[in-house]
Every structure is written in structure tokens, then in C-alpha cells.
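Q: Pasting a structure here, questions to come.
Every read-out reported here was derived from the displayed coordinates using simple, explicitly stated rules and does not represent laboratory data. Please read these numbers as outputs of a predicted model, since none were measured by experiment. Ideal geometry is used to build each Cβ from the backbone, glycine not excepted, and the neighbour counts take in all protein chains shown.
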Amino acid sequence: MKSTLLAQLILCAVAAPVSAADRVDQEAFRTLSDVRDRLRALDTYVLDTEVSTRTAVGGGRYRDFKGQVRYVVDRPQHLFADVQGDGVVRKVYFDGQLISVYSPGRNAYAQWDAVGTIETLLAAAREQRGLDLPVAHLFAWDEEPERMRQSTRATYSGTGVINGRECEHYSYKYEDVVWELHVDQDSMPCKLSMVDLKDRGLPGYSAEFTWTTGAPVSPGDFRFTPPPGAQRIPMSEMPES
């Protein structure tokens, strides 16, 4: 996975220095704000992703994942995630009151209260339960433009075609974290990649996106009903498959 997920980003990080005039491009910062405004304007949508991730799990060990994630989103308080790939199958439900994580393979689920917004879900899942949802940065993008203005590199890298869409390519480096963002003419992300150069294991992710905006959703899409015989377990015992 390292070769496919991280090679491009590492090359960007160690490439020959660019001139001071080119190092920080204000257009690259404006693009971050444009993406923020575009995502803010979305209420309901389906986001299909092809994603590769590397996550530190402690003790110098890392977990690699390559697969697909489908998100169904009804902002600001409802999210469903269907995660499948590399032996990991999970379904995550959030209805603004309760987080449910279900393992179909074991017919087991974990639940805990998390009253609030999608941002509440992300924070509670990560900090309290050790659950990171792929490309969660997209759901908290409001914070990115201001934080990324501290980048030591922000450059435009040309155009390319991703999943049939012509996309502009931007590169950022902030506190030894390298980001690659591809954006279409409607300011919708086509691809987002990140690698943390501070960690010798190079954790990060790369994801390509297909957006379906205005998709019909219902409250039942975000509410988990345990199947017959399903066992409730602590999140710490949730299997990978």
C-alpha cells in the first residue's frame, strides 16, 4: 500500500525547493475557502469513495485499509457510513442522538450516546472509542481553510482527469503534513490525499470521490435497528469483519 498511497506525496515533500514567490500561492488558499463554501451549501448527499488508509494502532504497529466507503449525509445531524474492504466490514449510524457501529459478519453492534451534530459524532468516535472514519476531514472542512493558511507550501500543480472529471490540483504542507487536493470546476473535491511525515510509519490516506447531491434520504437511513439475534458488545470488542 505504501507505494500506491504515499509515493506521490513523498515525492512532493522531498522535491527541490521552489522559489519564495511560488512557495505560498494565495489562489491555493482561496480554493480551500471555495471548497468550504460549496460543502456548506450541501444539505443531503451521497458520497462514494475509493480509499486507502494507513493508521497507527500503537506499539509501532499500523493498520492498512483499502476499499470503498459510502456515506449518506443529511446535515447537520445525520450520517450513515458503509465501510467495506480488506476484511473490514462495518456500518455506522448516527441519528443526532446515538452512534451505532454494526459488524454484519459477527452480527454484533456497539452503541453510545452522542447528542449533537456530525462533528460531535466524529469527535466522540475518535476520542472516546478509537474509531476513525475515512476522509472525516471533509465533514469538518470549516476548520481547514484557516488552519491551512499556516502552510509553508501552498501551490497549484496543474490539471488532471479523475473519474471522468477535469480537476485542478493543489499541494499543501503544514507542520510536516503533506496534503494533495484535486477540485473540479464546481469546487467539489475529486480527490484528497494526506501523509504525516512526522511519523516514521507514514500514516495517511488517499481517496477519490463520487458525489450524488440532493439524494433522497429518510430518517430511517440513519437509525440502527438490531437484526434478529444481534449481540450488543463494547466497542473495544468490535471485530474488524
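Q: Would you pull out the residues with amide H under 5 Å of Ser157's amide H, same chain only if 5 or more places away, H placed 1.01 Å from N?
A: Correct list: His169, Tyr170, Ser171.
Q: For q values of 0.11, 0.16 Å⁻¹, compute log₁₀ I(q)/I(0) with the Debye formula on a Cα-only model of the range 20-226, without solvent.
A: Once normalised to I(0) and log-transformed, intensities are -0.54, -1.15.
Q: By how many nm would the segment from Trp112 to Lys66 grow when fully extended, if each residue of separation counts as 0.36 nm and the alpha-carbon distance is taken off?
A: On the way: separation 46, 0.36 × 46 = 16.56 nm, distance 2.71 nm.
Extra length available between Trp112 and Lys66 comes to 13.9 nm.
Q: May I pose another question? Going by how many other beta carbons lie within 10 Å of each one, how would you line up Met148, Met235, fewest first? Provide the component values of the computation, followed by the final result.
A: Numbers: Met148 19, Met235 16.
Going from least to most buried by this count: Met235, Met148.
Q: Let me ask something else about it. Just tell me the longest site-free run in the chain, where the sites are trypsin sites (Lys or Arg not before Pro) in a DSSP loop having at most 12 other beta-carbon atoms within 10 Å.
A: Details: sites that count: Lys198, Arg200.
Between exposed loop sites, the widest span is 1-197.
Q: Treating only the Cβ atoms of Lys and Arg (+1) and Asp and Glu (-1) as charged, compute the dipole magnitude of the range 20-226 about its Cα centre; round to the nearest 20 debye. Could the numbers behind the result be given before it?
A: Numbers: 25 positive and 32 negative charges, 143 e Å.
Using Cβ point charges on Lys, Arg, Asp and Glu, the range 20-226 gives about 680 debye.
Q: Percent relative contact order of the range 17-133, based on C-alpha pairs within less than 8 angstrom and at least six residues apart? Could you put the intermediate results ahead of the total?
A: Values: 175 pairs, mean separation 16.3, N = 117.
Answer for the range 17-133 is 14 percent.
Q: So, one more: Pull up all non-local amide H partners of Ile162: gap of 5 or more, or a different chain, and H-to-H distance under 5 Å with H placed in the peptide plane.
A: HN-HN under 5 Å from Ile162: Cys167.
Q: Lysine pairs in the chain with Cα distance under 18 Å, only those 8 or more apart or on different chains: how many are there? Working shown, then result.
A: Working: Lys2/Lys66; Lys2/Lys191; Lys2/Lys198; Lys66/Lys91; Lys66/Lys191; Lys173/Lys191; Lys173/Lys198.
For the chain, the number of qualifying lysine pairs is 7.
Q: With contacts defined as alpha carbon pairs under 8 Å and 6 or more residues apart, what's the relative contact order of the range 20-226 in percent?
A: Values: 430 pairs, mean separation 50.2, N = 207.
Relative contact order for the range 20-226 comes out at 24 percent.
Q: Something else now. May I ask you to evaluate 6.51 cos²θ - 1.76 cosθ + 1.60, the Karplus curve with θ = phi - 60°, for each residue of the range 102-116 and list the ³J(HN,Hα) values in order in whole Hz, giving x for glycine and proline?
A: Ordered by residue, 3J(HN,Hα) equals 10, 9, x, x, 9, 6, 9, 8, 10, 9, 7, 6, 7, 6, x Hz.
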